[in-house]
Amino acid sequence: MLTEKQKRFADSLEEELIHIRRHLHQNPEIGMELPNTVAFVKEKLTEYGYEPEACGESGVTVVAGKKSGKTFLLRGDMDALPIQELTDLPFKSENGYMHACGHDMHTTMLLGAAKLLKEFEDELEGQVKLLFQPGEEILSGSKECIKNHVLENPKVDAGMMIHVFPFKGFKAGQIMPTPAGTFMASADWFEINIKGRGGHGSQPETAIDPINVAVHIYTALQELSAREIGSEERFVLTIGEFTGGTPDASNIIPETTVMKGTLRTLKEEVREQVKERMTVMAENIAKAFRAEAEVVFTNGCTPNVNDPDLTIFAKETLIETFGTDRIVAIPTSTPLMGSEDFGEISQLIPTTTVLLVASEENINLHNPAIVFDESVLVEGAKVYTDTAMSWLKKRQNS
């Protein structure tokens with residue numbers, strides 16, 4: 001657990017962390033290309049005494065600790081969303097992007113942890129690797145960082161992530177260790193491209209209407225949960241975009257129609273089964289109507305799985321450091337159907353996820369009006385540091 005001296009040092013960072021967070025919030029970037037964010041993060045890490053290293057195009061890593069031994073990974077994501085901000089904050093974003101998922105909070109907390117770890121580096125019983133990750137929102141950053149050896153040099157033995165969350169009925173600063181096992185669903189983004197034959201609306205018999213085909217495919221896909229996958233298996237298949245036809249020309253049968261959506265599952269075998277059946281159903285329904293259909297899975301990530309031993313340990317050490325009143329149970333007994341590309345890392349090493357209440361409003365993540373409580377920035381830095389230092393100490397002594 002953190003010592004009182006370490007806690008006081010963390011508390012002294014509050015003003016600095018608020019300043020950092022506001023800079024990040026006002027200057028969001030999206031996807032895998034985050035040039036200004038990366039430059040800012042590297043500048044801060046260098047100021048703290050680190051030598052930042054690139055992890056792929058936009059990932060940044062540093063290592064704290066002078067002693068050999070085990071290595072613990074702390075991850076914070078840096079990318080924003082393509083959302084126009086609708087808050088009244090004096091430091092609101094004006095560039096059409098927004099940190100509506102709190103990644104500016106995560107980056108700031110991890111920078112706070114970096115400064116805290118550097119200050120008490122001599123007390124580390126091993127090493128802590130910090131990953132500042134791009135592209136979480138597009139489910140690409142984690143895979144790119146793994147490809148670029150984030151879990152090597154030094155070899156990483158375990159890791160954790162924090163995510164801020166709005167929870168009405170809870171107090172900002174309360175900490176939610178999440179349950180062991182699968183905690184968040186896998187995600188697959190897909191598109192279904194239907195090719196028919198265009199024509200005049202007055203003579204549909206001379207055309208092959210791709211909109212009609214798409215409607216039949218759409219309806220059939222809903223039968224997967226009703227007739228093909230057991231009721232005990234939770235998954236979500238949503239079509240969120242349906243495009244076909246010519247604007248202001250409703251008497252034209254179009255040549256093509258596109259549907260786009262997302263698939264979320266809790267088990268890899270269900271994920272693969274549903275993806276296979278989606279392809280077979282779309283192709284054959286289209287064929288029945290003399291059309292063609294192609295199902296393309298454009299991107300995805302595996303479920304985020306919490307290692308049982310690490311999850312229990314993290315909860316116990318957080319209770320020691322913050323007290324039982326600060327540690328609360330997540331208000332759901334079932335895994336979240338939202339996804340997190342940290343799941344890719346969770347398939348390779350033991351990991352755990354901790355949620356931090358950062359808003360008491362009844363507003364969800366990704367909402368353009370969401371406002372996070374900056375008082376939790378220091379608390380997040382403490383959670384990161386406490387988990388890493390305590391785990392290393394335990395492994396050194398075990």
Tell me the angle of helix 377-397 to the major Cα principal axis of the chain, expressed in degrees between 0 and 90 and rounded to the nearest ten. 70
How big is region 170-215 in terms of Cα radius of gyration and Dmax, in angstroms? 23.8, 64
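Find the percent of Cα-Cα distances in region 39-152 that exceed 23 Å, and round it to a whole number. Walk me through the intermediate numbers first.
Numbers: 2135 of 6441 pairs.
Result for the distance tail: 33 percent.
Taking the convex hull of the Cα atoms, report for region 335-393 its projected area averaged over all directions, in nm².
Values: hull surface 22.2 nm².
Approximately 5.6 nm², given one-decimal rounding.
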Could you tell me the largest-minus-smallest coordinate of the C-alpha atoms of the chain on each of the three principal axes, in descending order and whole angstroms? 80, 45, 42
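Whole-Å semi-axes of region 242-398's equivalent ellipsoid, largest first, each the root of 5 times a Cα gyration tensor eigenvalue?
Values: eigenvalues 401, 96, 27 Å².
Listed largest to smallest, the semi-axes of region 242-398 are 45, 22, 12 Å.
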Leaving ligands, DNA and RNA out of it, rank R264, R234 by accessible area with a 1.4 Å probe, largest first. R234, R264
Calculate the length of the line joining the C-alpha centroid of region 92-121 to that of region 153-219, in whole Å. 26
Region 294-380: radius of gyration and largest Cα-Cα distance (Dmax), Å: 15.9, 54
How much of the DSSP beta bridge set in region 41-136 is antiparallel, as a percent to the nearest 5? 55
Short to long, in 10 Å steps from zero, the percent of alpha-carbon pairs of region 1-103 per bin is 13, 37, 34, 14, 2
Give the distance, in whole Å, between the Cα centre of region 239-268 and the Cα centre of region 353-398. 38
Would you rank I192, I330 by solvent-accessible area, highest first, keeping every protein chain in place and using a 1.4 Å probe? I330, I192
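Report the local net charge at A291: Lys and Arg +1, Asp and Glu -1, summed over other residues whose C-beta lies under 15 Å from its C-beta. Please list the in-between numbers first.
Values: positive: K195, R197, K287, R290; negative: E205, D209, E255, E283, E292, E294.
So the surrounding residues net to -2.
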Nearest 5 percent is fine: what portion of the DSSP beta bridges confined to the chain is antiparallel? 65
Under a 5 Å amide H to amide H cut-off, with H placed in plane at 1.01 Å, what residues pair with E29 once short-range neighbours are removed? A80
Dimensions of region 76-130 along principal axes (Cα, Å, largest first)? 45, 20, 13
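Around Y50, under 15 Å between beta carbons, what's the net of Lys plus Arg minus Asp minus Glu among the other residues?
Working: positive: K42, K44, K66, K115, K118, K129; negative: E43, E47, E51, E53, E119, E121.
Combined, the nearby Lys, Arg, Asp and Glu give 0.
Within the set of other residues whose C-beta is less than 15 Å from the C-beta of I330, count the net charge using Lys and Arg as +1 and Asp and Glu as -1.
Counting the neighbours of I330, the net charge comes to +3.
List the GluC sites (Glu not before Pro) within region 129-204 that fall in a DSSP loop (any state other than H, G, I, E or B) and whose Cβ has at most 15 other Cβ atoms within 10 Å.
Numbers: sites: E136, E137, E144, E152, E191; in loops: E136, E137, E152.
Sparse-neighbourhood loop GluC sites (Glu not before Pro): E152.
The values are calculated or read from the model by the stated rules, or taken from the named source; none is laboratory data. These figures come from a predicted structure and were not determined experimentally. Heads up, the Cβs are rebuilt from the backbone with ideal geometry, glycines too, and the neighbour counts pull from every protein chain shown. The area values use the complete protein model at the heavy-atom level, side chains included, leaving out ligands, DNA and RNA. Shrake-Rupley method; radii C 1.70, N 1.55, O 1.52, S 1.80 Å.
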